[in-house]
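J.: I'd like to ask you about the structure that follows.
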Amino acid sequence: MELTFTEEQNTFRQSVAEFVAAEVTPVAEKQDRSGEFPRNWFRKCGELGYLGVRYPHEIGGSDLGFTSYCILCEEIARGSLSMALTVAMQCLMGTDFVFRLGTQKLKEKLLRPAITGEKISAFALTELDAGSDLGAIRTTVKREGDEYVLDGNKTWVTNSSVADFFVVLATRNPDLGTDAVDFFLVEKDAPGLTVGRDIQKVGTRGSVCGKISLRNCRIPAENALGEKGTGLANMKEILSQVRVMMGALALGLSRAAFEEAGKYSVERVAFGRPIGKFQAIRHKLVDMALDIHIMHMLVYNAATRVEKGARLMKESAMVKLFSTEAANRCADNASRIFASYGYDMDHPVQRYFRDARFLLIGGGTPELLKNIIAKEL
């Protein structure tokens with residue numbers, strides 16, 4: 001398998017890498033500890049065209065394609081997975097349904113300013129008893145005249161406390177399972193919407209995440225995203241992209257862990273020589289390098305095919321499954337190489353170790369992905 005990137009993609013990677021070195025890595029630890037949404041940094045991403053990387057010029061996007069989106073996610077995740085998540089959400093799950101299914105009025109009102117970083121999006125799918133099982137959704141929606149009325153609760157909503165609008169999955173009839181689920185756009189000032197407190201997470205602490213409540217929440221009928229009963233099909237349209245994107249995030253974090261561990265193995269001296277001279281340490285670095293190489297091949301082979309229109313249910317599940325498990329191995333190996341210092345909050349390796357756990361959850365758990373792959377096989 002040979003991967004080649006265009007000159008445009010290579011130039012884009014270099015520019016993002018320089019941005020990360022100047023604007024992400026230096027503040028990553030502070031961001032992790034404060035847990036505050038990086039508004040000024042986020043707007044700068046919009047000014048640079050990063051938030052519209054997947055979208056065409058006519059709506060204000062950069063029109064660089066899905067592969068460049070994965071490059072963006074990978075490079076920012078190398079500096080901070082938390083900050084990469086805010087960009088990944090804005091570029092895909094939080095805005096894609098508006099782009100594909102929203103009215104021109106909604107695109108101009110919300111999508112265009114979201115691309116420039118002036119508005120923040122959120123994706124509200126998960127509920128207390130419904131995550132991977134979309135048929136278990138209990139947030140209801142009903143039509144009343146020129147409005148839709150939503151009732152229910154959502155949790156694990158990335159960007160919840162700072163979002164200007166939410167893309168919400170709701171059901172017209174809980175007894176009909178996935179046949180009755182659809183997406184709706186809810187703006188932050190919609191009557192009946194309440195945003196709860198941020199969840200205090202173990203990792204990715206610089207990415208705010210919380211709960212929302214919808215009580216007799218009324219939205220204009222034009223805020224329905226897609227035809228009746230098409231919610232599951234519309235979700236499947238981006239599932240491959242979501243899972244390959246998660247692989248790119250995992251790749252970026254793994255590269256950061258490998259680079260830190262490599263530097264430390266040269267600097268740290270034990271028994272009269274750098275620890276990188278010991279076979280036990282070298283083998284850990286080899287394992288990390290091998291995982292990173294495989295991740296790179298998997299992510300960008302899939303990204304290229306997705307960009308050409310392929311729907312890779314099995315392959316994207318494989319990318320997400322392998323890459324996120326590999327990222328946790330890389331973070332663990334880096335922590336072991338640092339030994340006691342890997343347990344020290346002053347060293348970034350502890351952040352990689354904590355952040356890597358999120359990758360196992362978002363976009364489908366390993367268990368769910370194995371079921372999908374087995375079914376496809």
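J.: If the requirement is being closer than 21 Å to Ala77 by Cα and in contact with a Lys or Arg (Cβ under 6 Å, 6 or more places away or on another chain), which of these qualifies: Ala334, Ala256?
T.: Ala256
J.: Among the residues of the range 345-361, is any part of a helix (DSSP H, G or I), small (Gly, Ala, Ser) and under 19 Å from the mean Cα position of the chain (by Cα)?
T.: yes
J.: Given (1) in contact (Cβ under 8 Å) with a residue 24 or more places away in the chain; (2) assigned to a strand (DSSP E or B); (3) of a type in the set (Ser, Thr, Tyr), where does Thr194 come up short, assuming only one miss?
T.: Just one mismatch for Thr194, condition (1).
J.: Looking at the range 87-100, can you tell me whether even one residue there is closer than 22 Å to Glu36 by Cα and basic (Lys, Arg)?
T.: No, there is no match, as no residue in the range 87-100 is closer than 22 Å to Glu36 by Cα and basic (Lys, Arg).
J.: Among the residues of the range 328-346, which ones are crowded, with 16+ Cβ neighbours inside 10 Å and in contact (Cβ under 8 Å) with a residue 40 or more places away in the chain?
T.: Matches in the range 328-346: Arg329, Cys330, Ala331, Asn333, Ala334, Ile337, Phe338.
J.: Next question, about the same structure. Which helices (runs of 4 or more DSSP H) sit wholly inside the range 1-49 and have at least 1 residues that are in contact with a Leu (Cβ under 8 Å, 6 or more places away or on another chain) and under 30 Å from Met297 (Cβ atoms)?
T.: By residue number, 7-23, 39-47.
J.: Turning to a different aspect of this structure: Given (1) touching a residue at least 24 places away in the same chain (Cβ under 8 Å); (2) closer than 26 Å to Phe358 by Cα; (3) not small (Gly, Ala, Ser), identify the lone condition not met by Asn40.
T.: (1)
Yes/no matrix, rows are residues, columns are (1) of a type in the set (Asp, Glu); (2) on the phi > 0 side of the Ramachandran plot:
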| site | (1), (2) |
| --- | --- |
| Glu237 | yes, no |
| Ala250 | no, no |
| Leu253 | no, no |
| Phe258 | no, no |
| Gln279 | no, no |
| Lys284 | no, no |
| His293 | no, no |
| Val306 | no, no |
| Gly309 | no, yes |
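J.: Inside the range 93-181, counting only strands (runs of 3 or more DSSP E) that do not spill past its ends, which hold 1 or more residues that are under 17 Å from the mean Cα position of the chain (by Cα) and in contact (Cβ under 8 Å) with a residue 60 or more places away in the chain?
T.: Answer list for the range 93-181: 121-124, 147-158, 165-171.
J.: Let me ask something else. Ser68: in contact (Cβ under 8 Å) with a residue 12 or more places away in the chain, buried (at least 20 other Cβ atoms within 10 Å of the Cβ) and assigned to a helix (DSSP H, G or I), yes or no?
T.: Yes.
J.: Filtering the range 189-211 down to residues that are of a type in the set (A, V, I, L, M) and in contact with a Ser or Thr (Cβ under 6 Å, 6 or more places away or on another chain), which residue is nearest to Thr158 (Cα to Cα)?
T.: Val208
J.: Pull up the range 162-196, narrow it to residues that are of a type in the set (Ser, Thr, Tyr) and at pLDDT 95 or above, then point me to the one that is nearest to Met235 (Cα to Cα).
T.: Thr171
J.: For Arg218, work out the one condition from (1) outside the structural domain of Leu125 (by TED's automatic domain parsing); (2) in a strand (DSSP E or B) it doesn't fulfil.
T.: (1)
J.: Being touching a Phe, Trp or Tyr at 6+ places or on another chain (Cβ under 6 Å), crowded, with 17+ Cβ neighbours inside 10 Å and closer than 22 Å to Gly231 by Cα, is that true of even one residue in the range 128-141?
T.: Within the range 128-141, one or more residues are touching a Phe, Trp or Tyr at 6+ places or on another chain (Cβ under 6 Å), crowded, with 17+ Cβ neighbours inside 10 Å and closer than 22 Å to Gly231 by Cα.
J.: Right, something else. Checking the conditions here, which among Ala289, Ala256 is surrounded by fewer than 17 Cβ atoms within 10 Å (Cβ to Cβ) and among the small types (Gly, Ala, Ser)?
T.: Checking each option against the conditions leaves just Ala289.
J.: Hey, among Glu23, Glu36, which residue is charged (D, E, K, R), outside the structural domain of Asn159 (by TED's automatic domain parsing) and buried (at least 17 other Cβ atoms within 10 Å of the Cβ)?
T.: Glu23 is the lone residue from the list that is charged (D, E, K, R), outside the structural domain of Asn159 (by TED's automatic domain parsing) and buried (at least 17 other Cβ atoms within 10 Å of the Cβ).
The values are calculated or read from the model by the stated rules, or taken from the named source; none is laboratory data. Nothing here was measured: the structure is a model prediction, and the numbers come from that model. Methodologically, a virtual Cβ is constructed for each residue, glycine included, from the backbone with ideal geometry; neighbour enumeration extends over all protein chains shown.
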